[in-house]
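Following: one structure in structure tokens, then a few remarks.
Bear in mind these aren't lab numbers, they're just calculated from the coordinates by the rules spelled out. Computed from a predicted model, the values in this text were never measured in an experiment. No Cβ is skipped: glycine too gets one built from the backbone with ideal geometry, and neighbour counts run over all protein chains shown.
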Amino acid sequence: MAISNFLNPIDEQINNTEVTTDEEGILQEILDEHLSDPTQNDEQEEEPETEEAVYSASDARNALKVLIEYTECQDALQANHLRALERLEGEIEAIQLNSLVQETLDRWIT
């Protein structure tokens, strides 16, 4: 086997038919690449963005309950961390209570 065939096997040789060799063509390719509409390139290259999840106050309270239970079981965490989580739970509960809407008594009067 010839060394040239070993280094460049026929099966793996790339056919460069689209490569431009003249200076004008190379310059034009570079200009086209850099002067094209950037929004087109960005749209093609960017992955679709995932929407961020919207959590409710009850979701936040449930997560805090898990954190509080975890903190209570850990000896390494200080008590002030637990108190901070409990205060935060109280604040989220207040947000929940403030978001409640009072219903009218129309259904009771009829």
Practice task
Can you tell me the equivalent ellipsoid semi-axes for segment 57-109? Use √(5λ) from the Cα gyration tensor, largest first, whole Å.
Solution key: 35, 10, 7
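Using a Förster distance of 35 angstrom, determine the FRET efficiency expected from the C-beta separation of His81 and Thr104, and round it to 0.05. Write down the numbers at each step before the final one.
Working: r = 44 Å, r/R0 = 1.26.
For His81 and Thr104, the calculated efficiency is 0.20.
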Exercise for the section: Starting from the Cα of Gln96, step 7 Å along the direction of its Cβ; do the same at Glu52; then give the gap between the two resulting points in nm. Expected result: 2.3
